[in-house]
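See below for the structure under consideration.
The values are calculated or read from the model by the stated rules, or taken from the named source; none is laboratory data. Computed from a predicted structure; not experimentally measured. Counting neighbours? That spans all protein chains shown, and the Cβs are built from the backbone with ideal geometry, glycine included. All accessible areas refer to the heavy atoms of the entire protein, side chains included, with ligands and DNA or RNA removed. Shrake-Rupley method; radii C 1.70, N 1.55, O 1.52, S 1.80 Å.
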Amino acid sequence: MQPTSKTRVVAVLVLAIAATTSGQAKDWKPEIERLVEPAVKSGVVVGMAIAVIADGKTNTFGFGKVSAASPEPPDETTLFEIGSVTKVFTALVLADMARQGLVSLDDPVGKWLPATVQLPRRNGKDITLAHLATHASGLPRLGRILEAQALRNPLNPYVQFTVDDLYATLASTRLASVPGTQYAYSNLGAGLLGHVLARRAGMSYEQLIRRRVCEPLGMCDTWVALPAAWKSRFAEGHDIDGNPLPPWEIVTLAGCGGLRSSVRDLARFVQANLGLFPTPLAEAIQTTHTPRLDIGSNEAIGLGWHIKKSEAILWHNGQTGGYHSFVGLRKNPPVGVVVLGNSAGGTVDTIGYRLLDLLDGKQPGPLPIRIPARVDPTILEEYVGNYELYPNFVLSVTRTGDRLWVQATGQPRLGIYPESETQFFYRAVDARITFVRNQEGKVDKLILRQHGLDLPAFKGGWLIHFGGQMLKGLKQLGRAPAVPGNTKSVAPENQ
């Protein structure tokens, strides 16, 4: 669907896309723009597509840019990685297959795996399919094999993980808890569930989702591997500093986070979960909404869905390397939101919850986003250099245009953003940097504030800094050190 109007927000285009249904009861655009503008203006989010479902109607909006190189905002058909929102789809397939008698929620996982696969148990108790869907299996978040692969290939951490790796992980894992007793979020467990259900159905995970969820609900944009015709609609992912990142490829564990989709499709999914149209999945959907395990004072989990009990909100979020997603709904009155971003970071979650408040008639507070100050690039250039925090650990400060970057020894380069002419904050970590000038007005050190500590790092290194301080002291005393091999002193000016 083509954009219907454009509004400039700072230097970023913001687009309100035509509603997917006619006769809007309320124009949500002004309030949503006011809420989202700080995220776009600050650059925390490169681009977002949003859907709001209220009063039986759905409206979609696009903000920011599809990619760093494109001025166009996302629209309702733009595709994003949805990460762990995939888990809700996997759980719905489980509920529907159980409804049809193809599996049981209480089936041991091993029932649907090859007999040669060794599955961990604890206290004589097996992991069931329901345990996988509620993160109560006792399995680790990733497992040692996948953790090692992710460290070697952080830009595409799941791509090398094979079915053999999955089975080897299961055989070598000791459960952290008795199955069914404790909540511990596990991508490994959710991915295993998708693998088991696909094996039971005799098809790939993607085929399973498209046949059992997408076709009954009329969703056409949801895939694991995008067909060629869809790839031009795929938004470019970015890290929290706005650097482009490649997409992730999740195959063996696709059930934990491998889907790509659009707000058009996910809005349809939310509508189905709100019961806004008849569907053969209605009974299975209600099964996924039933709380099964308390995981906090105000939180429970159903099949896939997390549930905020006091607010009666069902939600799930997701993040891959360069994307973040949020889906949330409240059934009475029926309202829902979808927020898809092509930037990493939790701002998308905050926007999602603020939107639910907005749909509930509340006035949500502003986003907790710091807008960078403007600093003259000539001043920024004075900060460029290598700052030694301690021996063999250096903070290297570089500049690109009006942006500063800091790369610590052995770590990735991260952006820092000005709060003032001398004070800067990170987005990727909870830390600040203050640049300090000496008595001559030259920048000679920085202070890294992290974990409640103020850590000095000296430009050019400790030796140069304190050697210079010593020379200054000697100069003030009117004497200079003797040159080795010479009994005469040399005037400080000739040093």
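Assorted remarks:
- Summing charges over neighbours of PRO157, with a neighbour being any other residue whose Cβ is under 11 Å away from its Cβ, gives -1 when K and R count +1 and D and E count -1.
- Highest to lowest packing among 340-349, 416-425, 169-178, 365-374, scored as the average C-beta count within 10 Å: 340-349, 416-425, 169-178, 365-374
- Carbon/sulfur fraction of accessible area - the chain, other protein chains in place, 1.4 Å, %: 52 percent
- Multiplying the residue separation of LYS362 and HIS451 by 0.36 nm and subtracting their alpha-carbon distance yields 28.5 nm.
- Compared with the dominant principal axis of the Cα atoms in the chain, helix 29-42 is inclined by about 40°.
- According to the Cα-based calculation, Rg over Rh for the stretch 248-338 is 0.97, with Rh computed by the Kirkwood formula.
- Annotation: aspartates and glutamates with alpha-carbon distance below 12 angstrom to LYS65 (same-chain offsets under eight excluded): ASP75, GLU236.
- When peptides 111-119, 252-260 are ranked by their average number of other Cβ atoms within 10 Å per residue, the highest-first order is 252-260, 111-119.
- Between GLU215 and GLN423, the distance separating the two model label sites (each 7 Å from Cα on the Cα→Cβ line) works out to 6.0 nm.
- Electrostatic bookkeeping for GLU311 treats Lys and Arg as +1 and Asp and Glu as -1; over the other residues with beta carbon under 14 Å from its beta carbon, the sum is +3.
- Once the 1.4 Å probe is applied to the protein heavy atoms, the chain comes out at 45 Å² accessible per residue.
- Square roots of 5 times each gyration tensor eigenvalue, C-alpha, the chain, largest first, Å: 50, 30, 19
- Sequence-separation-based contact order of the chain, relative, with Cα cut under 8 Å and 6+ spacing, percent: 15 percent
- FRET efficiency for the ALA282 to ALA171 pair, using the beta carbon distance and R₀ = 30 Å, is estimated at 0.15.
- As a size descriptor, the averaged projected area of the C-alpha convex hull of the stretch 90-156 was calculated at 6.0 nm².
- Given +1 at the Cβ of Lys and Arg, -1 at the Cβ of Asp and Glu and no other charges, the dipole of the stretch 250-330 around its Cα centre is 160 debye to the nearest 20.
- Counting charges near LEU453 (Lys, Arg +1; Asp, Glu -1) among other residues having Cβ under 13 Å from its Cβ returns a value of 0.
- Taken over the stretch 147-207, the alpha-carbon convex hull comes to 120 cubic angstrom per residue.
- Extreme residue, positive dipole direction of the stretch 44-160, given options VAL88, PRO71, THR60 (C-beta unit charges): VAL88
- Above-threshold pairs, the threshold being 23 Å between Cα atoms, out of LYS29/LYS231; LYS57/LYS231; LYS57/LYS87; LYS26/LYS331: LYS29/LYS231; LYS57/LYS231; LYS57/LYS87
- More than 20 angstrom apart: percent of Cα pairs within the stretch 119-259: 53 percent
- Cα centroid separation, the stretch 38-109 to the stretch 158-221 (Å): 19 Å
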